[in-house]
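Down below is the structure, laid out as structure tokens.
The values are calculated or read from the model by the stated rules, or taken from the named source; none is laboratory data. Being a predicted model, the structure only gives us computed values, none of them experimental. Don't worry about glycine lacking a Cβ; one is built from the backbone with ideal geometry, like all the others, and counts go over all protein chains shown.
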Amino acid sequence: MPYRIGVVGGGLYGSRVLRAFWSFHLSGDIVLCALADINSAALNEAEKNYGIRVYDDYRRMIDDENLNAVAIVTPDHLHEEIACFCAEKKLHMLVQKPLDTSARGALKITEAAEANGVLLYVDFHKRFDPSLILLRNRIRNGELGEILYGYAHIEDIIAYPSRHFAKWAHMSSPVWFIGIHMIDVFNWLFGEVPYKTSAVGAKKKLSGGGVDTYDFIQARLYYQSVACVTLDSSWVLPDTFPSGVNQGVRIVGTEGVMEIDGQHRGLEAYTTGRQGMIENPYGFLENENPYTGCALSGYTVDSMLMFLKILKKLEQGAQLKSLAGSYPDGRQALSATAVAEAIHLSVVNAGAEIKIDL
């Protein structure tokens, strides 16, 4: 029997999760049952587009729908309460990154999932980007030699914190919202967690507009096997920037260098009445399917598909312990959260070096 899945949070990214899950529903892989959200517009949209049941309280959705699993796509700082409730209800979970905005909260979620024997899958979809997979393989097979240093940047346009998420952006930061992706990427590439960090940031543009959060944070991460990597996270690029997110990774080793431009991937679109837009065809694609109509692919979808594959393994009798390390789990997400927490602590302490203890 296909897993019965509900979604908590139907906002900007939640709507994308719903589209992907609806595609899986049409393929018979799952039954997409319901959406819970406090926003009536999001509920109306889901009801109209997918004909699923909608709730303004996730607890009532879980009580009424006889679910097997839940996707949590709420603002970052709300994950702990919802995830712990789902764990106690013995529901498998896909949780958007970051797992939580504190190591304490991330640990609480992880321990709740472990105590109740449920899958905790954190949607770090950059791990499914084919360019980053290629980079990881070249690091692991020694093609770049001994890694010396690296750099990553990930930047959003200001519309996200100033308009789309203005009600809760003060509870987040560019590191929590997008930089956490690159923290996980570095940990995943190198197979280890940094032992210390130092960071600087500034509050100018957004705080001047009434949103009390950092415009940018630049962090240095120190690994045992890599001298240092630098991460720039920001979300104040002008709305006239030709894409919603700008990103890239550069890794230098003793035998080579690899650079990944995560923005310019060969697709630009210009239409009347709309600014030019650089699209990311690797991330989210619409394909024709003779049985279900539109089907979706791309690395953001592949990450969600992996969640379903893990569920299938469990249905076939696999044990969670035997699958450890094969997907972005709670312990790995806890590591990324601890790094991000240390970065913020360094910023408020004028760039002081902060040890990362796990």
Kindly list, by first and then second residue, each pair from a residue in the stretch 43-61 that is in the same structural domain as G10 (by TED's automatic domain parsing) to a residue that is β-branched (V, I, T) and part of a helix (DSSP H, G or I), limited to pairs with Cβ atoms under 7 Å and residues at least 6 apart or on different chains.
-> Y58/I82
Test: G201 is part of a strand (DSSP E or B), crowded, with 16+ Cβ neighbours inside 10 Å and in contact with a strand residue (DSSP E or B) (Cβ under 6 Å, 6 or more places away or on another chain) | yes
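Given the condition touching a Gly at 6+ places or on another chain (Cβ under 8 Å), more than 19 Å from A20 (Cβ to Cβ) and either part of a helix (DSSP H, G or I) or of a type in the set (F, W, Y) (or both), answer yes or no: does some residue in the stretch 83-94 qualify?
Filtering the stretch 83-94 down to residues touching a Gly at 6+ places or on another chain (Cβ under 8 Å) leaves 90.
This time we only want the ones that are more than 19 Å from A20 (Cβ to Cβ), so: 90.
Adding the requirement that they be either part of a helix (DSSP H, G or I) or of a type in the set (F, W, Y) (or both) leaves none.
The answer is no; no qualifying residue exists.
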Could you check how many residues of the stretch 322-358 are of a type in the set (G, A, S), farther than 18 Å from P174 by Cβ, out of contact with any Leu (no Cβ under 7 Å at 6 or more places or on another chain) and modelled with pLDDT of 95 or more?
-> 2
Does the stretch 290-299 contain any residue that is surrounded by 17 or more Cβ atoms within 10 Å (Cβ to Cβ), on the phi < 0 side of the Ramachandran plot and modelled with pLDDT of 95 or more?
-> no
Where E259 falls short, out of the listed (1) more than 23 Å from F128 (Cα to Cα); (2) modelled with pLDDT of 95 or more; (3) surrounded by fewer than 13 Cβ atoms within 10 Å (Cβ to Cβ) | (1)
S102 vs. criteria under 21 Å from V339 (Cα atoms) and surrounded by fewer than 22 Cβ atoms within 10 Å (Cβ to Cβ) | yes
Which numbered condition trips up P238, out of (1) surrounded by 13 or more Cβ atoms within 10 Å (Cβ to Cβ); (2) in contact (Cβ under 8 Å) with a residue 24 or more places away in the chain?
-> (1)
